[in-house]
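Reading through the structure tokens given below for one structure.
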Amino acid sequence: MYNVMIVDDEPAIVEGVYDLFLNIDDFDLQLHKAYSADEALETVYTTHMDVVFTDIRMPGMDGMELQRRIAAQWPFCKVVFLTGYNDFTYIQTAIRNNGADYILKTESFEVVEQALRKALLELSEQIRKESTIARARQRMNLALPALRREFLIGLLDNRAAEEAALAERFRLLELPFDADAKVMPIIGRVDVWRQELSEADKQLMLYSVENMAGEYFSSLRVQTVHYERSKLIWLIQPAEGQTAEPDKCRLFVHGMLHSLQRTCQELLQLPLSIFASDDFVSWDEAPARYQRLRSLLLRGIGPSASVILRDKEERTGVSDSRGFRKLLARLELLEQLLENGLAAECKELIGEIAACCENAALPPSLKQEAFGSLSFRFLSYLNRSGLSDLFAERFSFDRLLRIEEFGSWFEIGSFFEQAVDFIFECGRHEKENLNRFVISAVNAFIHEHYDEDLSLSRLASIVHLNASYLCRLYKQATGTGLSDYITQYRIAKAKELLAAPGLKIQEVAVRTGFDSSAYFGRVFKKAVSMTPQEYRDRLSI
């Protein structure tokens, strides 16, 4: 939808151009009218504007100053100047100020329409070609640390992209890694914080540790991820040309970890435990190795301030459940799928979990973990969406929270799939009720204020919605455009008033919200196929 405004101190010009643009069907236009530059700015400051047709010479603020203020608010807005003066100086200024066009008021309506179409096409092309990449890059640079952290933690939790896409993700996030080379995951933990340190001081200490590690491993490819409040994750790869000597590189890394630990203790008085993989592994194996390191950390293996290097024999059991762990990690997407209305994808994920847990070889503790994860995510969504009470009316909360309520994972899967259906059924009803409320509120306001300004921005403000969204919602819900409904209601009221012989047609126009009797006459004739006077005469027959 394009917002288009006509600005002129001559009402006849405004109404004529407005009426002309009403008949354009191949662009979705929201039209606005103003009879002075100050009145135009009131709308410009609250509504995004795409094209403005404005007179140049107006009382008070002229069109040139209006254009400068519009450009400051909406840089992409096209301004088409209308004037009765064929003044070359104005033409030069209009072009210099990036005016979309310059039209004499003596031109035909066809020329005015062509100017609008030209402006809309130029606007569309400008938006497409405008170099927003630099600004996007600037925002991307600010967001890169968070995006890298999210991606790398997701990668280690088996939630990231497939291996084939790793190289592209590394490139986009400007990570130093090679998707084909092996990597060593390492976890560092601050064992004890000094009591006098504030939260800001602690963060500063972690960044100091990160900088020290960067210096020690400057000859390698390394990325640090801040993890929780007292932990760091390092992912380290041999630099280009070093991959042929992995054992030498591994010994170097382990040696530097001892040095890093000692330096942190001496310079920062910071006791640091480090849990490191004993060798480099493929990116596909990195999640299992990382989970093993986390398991060692959670179990508290190793004294404080010690570097722990684990050998291969101590990693049994982790890879056995790797496929299940990868599947379980995907449950973190469940709430996102629910919020985005993806019922089929929710059921598919639940079905995969249930099928995996039907496997008799899977330890009971992992099955309990899967059920607990499903239960927690559903309960969290029900509480946040305010559906808990409705859910309790249809289902038993014991079945949501207790695995003992079920005889098999087939029953569990079926139960949670029914819960998905319930959530989306409630969502549909809530959306329908909200839409009905919005349409009812807007219609009631139109019925009460049809003789006043009924701009889209005003109507949107009473229901607290974006103007463009309200326009789309109204059309989808009623099959009639909002502007069309306003016109239809005003015409219906005008017909009632025309039946009263004591009212002049000009009074009828004012009482039904039309700015002038001429404009009222054009709209009425278009809707009823006769002029207001002809309609009144027919009533008297």
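No value in this document is a laboratory result; all are computed from the given coordinates. Remember, it's a predicted structure, so these values are computed and weren't measured experimentally. Using ideal geometry, Cβ is built from the backbone for each residue, glycine included, and neighbour counts are taken over all protein chains shown.
For this structure, a couple of remarks:
- Ordered by the number of other Cβ atoms lying within 10 Å of each residue's own Cβ, fewest first, Ser468, Ser218 fall into the sequence Ser218, Ser468.
- Net length available on complete extension from Leu497 to Ser468 is 7.2 nm, with 0.36 nm assigned per residue and the Cα-Cα distance removed.
- For the peptides 413-422, 341-350, 142-151, the ranking by packing is 413-422, 341-350, 142-151, with the highest mean count of neighbouring Cβ atoms within 10 Å listed first.
- Separation of the Ser208 and Glu358 label points, Cα + 7 Å toward Cβ, nm: 5.7
- For percent of Cα pairs over 42 Å apart, calculated from these coordinates, the label among [x] 34; [y] 50; [z] 42: [y]
- Between 0 and 90°, nearest 10: helix 517-528 axis offset from the chain longest Cα axis: 70
- Contact order, relative form, for region 2-129: 23 percent (alpha carbon pairs under 8 Å, 6 or more residues apart, mean separation divided by residue count).
- Taking 7 Å steps out from each Cα toward its Cβ at Gln242 and Trp193 produces label points 3.2 nm apart.
- Per-residue ellipticity at 222 nm from helix content only, as computed over the chain with -39500 (n - 2.57) for each DSSP H run of at least four residues, stands at -18500 deg cm²/dmol.
- With contacts taken as Cα pairs under 8 Å at a separation of at least 6 residues, the chain carries a relative contact order of 9 percent.
- About its Cα centre, the chain has a charge dipole of approximately 660 debye under the convention of +1 per Lys or Arg Cβ and -1 per Asp or Glu Cβ, with nothing else charged.
- Region 218-275 and region 160-210 have their alpha-carbon centroids 11 Å apart.
- The angle between the Cα long axis of helix 109-129 and the main principal axis of the chain comes to about 10°, on a 0 to 90 degree scale.
- Between the residues Leu147, Pro287, Ser483, the greatest Cα displacement towards the positive end of the dipole of the chain, with unit charges on the Cβ of Lys, Arg, Asp and Glu, is found for Pro287.
- The angle separating the long axis of helix 364-384 from the principal Cα axis of greatest extent in the chain is about 20 degrees.
- Beta bridge orientation in the chain: antiparallel %, DSSP, nearest 5: 45
- Ordering His449, His254 from the fewest to the most neighbouring beta carbons within 10 Å gives His449, His254.
- Relative contact order (%) - region 418-535, alpha-carbon pairs under 8 angstrom, separation at least six: 20
- Relative to one another, the C-alpha centroids of region 1-68 and region 432-446 are positioned 29 Å apart.
- Take the Cβ atoms of Thr46 and Asn433, set R0 to 30 Å, and the FRET efficiency comes out at 0.55.
- Listed by Cβ neighbour count within 10 Å, with the fewest neighbours leading, Lys525, Lys248 appear as Lys248, Lys525.
- Label-to-label distance, nm, for residues given as Leu22 and Ala165 (7 Å Cα→Cβ offset): 5.0
- Here region 2-129 is treated with +1 on each Lys and Arg Cβ and -1 on each Asp and Glu Cβ, and its dipole about the Cα centre works out to around 600 debye.
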